[in-house]
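To start, the structure itself, in structure tokens.
The values are calculated or read from the model by the stated rules, or taken from the named source; none is laboratory data. The structure presented is a predicted model; accordingly, all values stated were derived computationally and were not measured. As a convention, Cβ positions derive from the backbone with ideal geometry for all residues, glycine included, and neighbour counts pool all protein chains shown. SASA here: full protein model, heavy atoms, side chains in, ligands and nucleic acids out. Shrake-Rupley method; radii C 1.70, N 1.55, O 1.52, S 1.80 Å.
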Amino acid sequence: MAPPAQNNSRVTHIALIGNSLPRKCGIATYTTDTFQALRMRYPGLKVDVYAMDDHPDRYQYPPEVVRAIPQDQRMAYLDAARAIEASGAQAVWLQHEYGIFGGSAGEYILALLDRTTLPLIATLHTVLEQPDSAQRAVMDALLRRAAKIIVMAERGREILVEVYGANPEAIAVIPHGVPDRDFADPDLFKPRFGWSGRRVILTFGLLSPGKGIGTVIRAMPAVVAENPDALYVVLGATHPNLVAHEGEKCRDELQALARDLGVAANVSFIDKFVEHDELIDYLQAADLYVTPYLNPAQITSGTLSYAVGVGKAVISTPFAHATEILADGHGVLIDFKDSDGFARAINALLRSDAERDALSRRAYARGRTMIWSRLAETAMATIEAIVGNRPKRLMSGAFRNMLPPNLAAVERMSDATGILQHAIHSVPDRRHGYCIDDNARALMLMTAIDNVDPEVRDRWMSVYASFVQYAWNPERRRFRNFMNYDRTWCEAEGSEDSNGRALWALGVTARDAGERKHRDWAQMLFDETASLALELGSVRSQAFAMLGAAAMLRVRPDHKLARAILERFPDEHLAMLDRARRPDWTWFEIVLAYDNARLPEATIHAGMTLGRDDLVQCGLETLDWMLVQQSAPDGRFRAVGTESFGRVYAKPLPFDQQPLEALATIEACAAAHSATGESRWVEAAFRAYQWYLGMNDLGLPLATSQDGGCFDGLMPAGVNRNQGAESILALQMANCAISRLSKQAAGMAEGSRAVA
């Protein structure tokens, strides 16, 4: 037995996902054996087992199982992902088999993997040459996600490359682990099972029709004729799924076959699930081991591996795994369903003790290369490599890359009606039409972007303004939000947020538009519509309206309606803060949601406009708190993920991160800098801005700098490669905001030097 190894590597903690004993199946045995091998070989390694659970509350799992995942409850997979992410594990090792995960072809496991940032290795217990569409989709996704794939036979590698187009360098062939037992004389173990004086032929495993047991039973009359003391032992319970559907029909039919052939006394069925140590004793008591399986494509057989591992003379059908492990004289191969061939091979080996012993010792020698400690060592080397190859993050306070504003992607998403909502990758998706949220943002972008041809600016401002204008429904005194591609409205009035954003865009356009015609239009429509703000009940929609009102007051300080809006809500927000506040919670609500930084931004602007220092201080305090929530341990910006929304007094979860959150933070920090002149707000804004360029949890850029595009979000396993209007506009507005803030900060610094 190999001695324990000192775990001096960078890997000290992994998550192991599979089934686990006491669940009765091969994957449970394999996962448990893998855990034991890792624990024995690397005593300092922490291994958390996450067990897939087909019958919640049925099993009494051992302490190493830190969580059972009900296989048909999708939310349980997401909860497990969060637990893995928070556990400190450095990598995930998945045992994959189609039948143990929920969803179509086990797709639920992808939801878990998609919400962890950790590198993944996956052991494939089945590799299908002819998958159906669902199985193919799951395997393709798994191959994309995994840093390394493990198969147990070379044929598995060939299928992955030929059928799935996998990268050969990403595939490792690591044989099924086997126990580390001494080579032993079967006669020493036979008395324990009442087999003294018998020639024992053994098959082990969960009983099912595909095991081909009938092939050997049909061989037994010829075997018994030459070896009356021969005993064929079929060891194992019927597969639980088979029992659930048809009871013991399979076992009953095989027993009836033995009776009909007159060999019932020479065939013994042991109907139980055998634990590890007892199984090895059974194997060592056998003279021959047979695997008459019927599926040529089977690339993994734990029972065959175990038999070879303890040095059994094996007779098998030529399924994929058997042809590899028994090659070069390490076993005997017989055609599928060839009962006569099995009878001849069994009789030949029982006839010659010397030949049987030589074959057994050759098998044992091969098995020594497959013992569990070897598997643990090879797998750990693989895990260390994928953890070690993760790119290091670049953090620097002096990192000041900025992208110039670029309208190319905005124009790509726009037509004569407005800007379309969604895209499939970079191609606009007309099925979802338009919304006022995005057109309001696009209108604000056109007032902020510099160095644009005047004709281009005028054309697009007119398009986006026209959309906002047409969205106004005077009968309801509300803006509509969603429009179909055929320009029909989906609703009579939009959400409170969409109405608040429309007022915000009108106020900003009235203040910042370069052409008077656009400023006059915006003021006119604001005057007509802004009274709706006083009826808004959502704190965010109120904040959006406050931002619009503050902008309007910069243009017309005597604007009574804008002032009424700005004076109406701040005290309500202060009261909300007082009610929600806790020692570790300085926020207006008891939950986090979207566009969080807009709340302190609106409060700061209200304070500066109304001359109320208490509001400015409230905005700075809550923004400070939010920046802490949006900071990773190494200081990079981490947007509050959408999975965090609505969790009462809970720390934010990291995914899925949206581009809009970074923009809101940048503009809130710009407001804080205007109020205080403190450089720390500039630093915080740049940290949020660099998120677009790759300074984030995954080290992946969301901005496509060549065309002004932006991916839709940062997921645990990568970016969402769609590029919708919201994301593109967020990036381009961030480009404008960070450029404006940088110039403002430089101007303040220059002024300070001049005074000095």
List the relative contact order of the chain as a percent without decimals, with contacts defined as Cα pairs under 8 Å and 6+ residues apart. 9
For the chain, find the longest principal axis of its Cα atoms and tell me its angle to the long axis of helix 133-145, 0 to 90°, nearest 10. 70
Measuring from its Cα centre, the chain shows a charge dipole (+1 at each Lys and Arg Cβ, -1 at each Asp and Glu Cβ) which, in debye to the nearest 20, is 920
Over the alpha-carbon set of the range 164-210, divide Rg by the Kirkwood Rh and report the Rg/Rh ratio to two decimals. 1.22
If unit charges are put on Cβ atoms (+1 for Lys and Arg, -1 for Asp and Glu) and the dipole of the range 116-184 is taken about its Cα centre, the option from Val161, Ala184, Val138 lying farthest towards the positive end turns out to be Val138
Distance in nm between pseudo-label sites at Ala358 and Val243 (7 Å out along the Cβ direction from Cα): 4.4
Using the Karplus equation 6.51 cos²θ - 1.76 cosθ + 1.60 (θ = phi - 60°), what ³J(HN,Hα) coupling, rounded to whole Hz, does each residue of the range 605-617 give in order, writing x for Gly and Pro? 5, 4, x, 5, 6, 8, x, 10, 5, 5, 6, 4, 5
Count of lysine pairs in the chain with Cα separation under 20 Å (8 or more residues apart, or interchain): 11
Counting other Cβ atoms within 10 Å, which chymotrypsin sites (Phe, Trp or Tyr not before Pro) in the range 625-722 have at most 16 and lie in a DSSP loop? Phe645, Tyr649
Given (1) 69, 25, 22; (2) 48, 32, 28; (3) 66, 28, 25 as possible values of semi-axes √(5λ) of the Cα gyration tensor in Å, the one from the coordinates is (1)
Determine ³J(HN,Hα), in whole Hz, for all residues of the range 354-366 in sequence, where each value follows from phi through the Karplus function 6.51 cos²θ - 1.76 cosθ + 1.60 and θ = phi - 60°; x replaces Gly and Pro. 5, 5, 5, 5, 5, 5, 4, 6, 5, 5, 4, 4, 5
For His55, His245, give me the order by solvent-accessible area with a 1.4 Å probe, most accessible first, ignoring ligands, DNA and RNA. His245, His55
Using alpha carbons only, how many degrees (0 to 90, rounded to 10) separate the axis of helix 372-388 from the longest principal axis of the chain? 20
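Decide, for the range 58-190, between rounded, prolate and oblate: order the square roots of the alpha carbon gyration tensor eigenvalues as a ≥ b ≥ c, take rounded if a/c falls under 1.5, and otherwise choose prolate if a/b is larger than b/c, else oblate.
oblate
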If I model the range 1-102 as equal point scatterers sitting on the Cα atoms and use the Debye formula, what is log10 I(q)/I(0) at q = 0.12, 0.13, 0.15, 0.25 Å⁻¹? -0.39, -0.45, -0.60, -1.43
Counting sequence-distant residues (5 or more places) and residues on other chains, those with an amide H built under 5 Å from that of Cys710 are Thr704, Ile728
For the range 113-130, Karplus couplings with θ = phi - 60° (6.51, -1.76, 1.60), whole Hz, Gly/Pro x: 5, 6, 10, 10, 8, 6, x, 10, 10, 10, 8, 9, 8, 9, 10, 8, 6, 10
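May I ask you to rank Val332, Val49 by accessible area, largest first, using a 1.4 Å probe over the protein chains only?
Order by accessible area, largest first: Val332, Val49.
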Loop-located trypsin sites (Lys or Arg not before Pro) in the range 442-535 whose Cβ has at most 16 other Cβ within 10 Å (DSSP): Arg476, Arg477, Arg487
To two decimal places, what compactness ratio does the range 269-339 give when its Cα radius of gyration is scaled by 2.2 N^0.38 Å? 1.09
Hey, if you put +1 on the Cβ of every Lys and Arg and -1 on every Asp and Glu Cβ in the range 542-656, which of Gln629, Cys618, Leu547 ends up farthest toward the positive end of that dipole? Leu547
Tally the DSSP beta bridges in the chain and give the antiparallel ones as a percent, rounded to 5. 30
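If the chain between Leu574 and Tyr61 were fully stretched, how many nm would it gain, using 0.36 nm times the residue separation less the Cα-Cα distance?
Answer, rounded to one decimal: 179.7 nm.
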Longest principal axis of the chain (C-alpha) makes with the long axis of helix 339-351 (C-alpha) an angle, in degrees to the nearest 10, of 60
Once you sort the root eigenvalues of the Cα gyration tensor of the range 643-706 as a ≥ b ≥ c, which label holds: rounded (a/c under 1.5), prolate (a/b larger than b/c) or oblate (the other case)? oblate
Shape verdict for the range 625-749, please, from the Cα gyration tensor: rounded (a/c under 1.5), prolate (a/b greater than b/c) or oblate. oblate
